[in-house]
Amino acid sequence: MDATLMNGLRVYINQVSPEAATPVNGQRVFYTRREDGPFYRWRYDEGPGQWIFSRVHSSDMIPKALSIASWTAVPTALRARLSEHYLE
């Protein structure tokens, strides 16, 4: 599914945090937000072998540190999880 079909979904990366320099298990950490909704942090967890998310509290979020990620940079497995998470 294309991000543009997910009604306002934006996918971000944080290029200034330590996690950007050293991706977890070779996978970047991504952030998502739909319209004015909450931010979610997505990381790959090798234990269950899937992308897991946590809601980011607004007090912990620095939106200026985030850059929009291209949809092609988002791993296929994460795209599938986003489709599940953001069901209409």
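Each residue of the range 69-76 was assigned a 3J(HN,Hα) from its phi angle through the Karplus expression (A = 6.51, B = -1.76, C = 1.60, θ = phi - 60°), giving 8, 6, 4, 6, 7, 7, x, 4 Hz with x at Gly and Pro. Residue ranges 28-39, 50-61, 76-87 sort as 28-39, 76-87, 50-61 when ordered by packing (mean number of other C-beta atoms within 10 Å per residue, highest first).
The gain in end-to-end length when the residue 52 to residue 70 segment is fully stretched comes to 4.5 nm, 0.36 nm per residue minus the alpha carbon separation.
Just so you know, all these numbers are worked out from the coordinates, no wet-lab data involved. This is a predicted model, so every value here is computed, not measured. With ideal geometry, Cβ positions are generated from the backbone for all residues, glycine too; neighbour counts draw on all protein chains shown.
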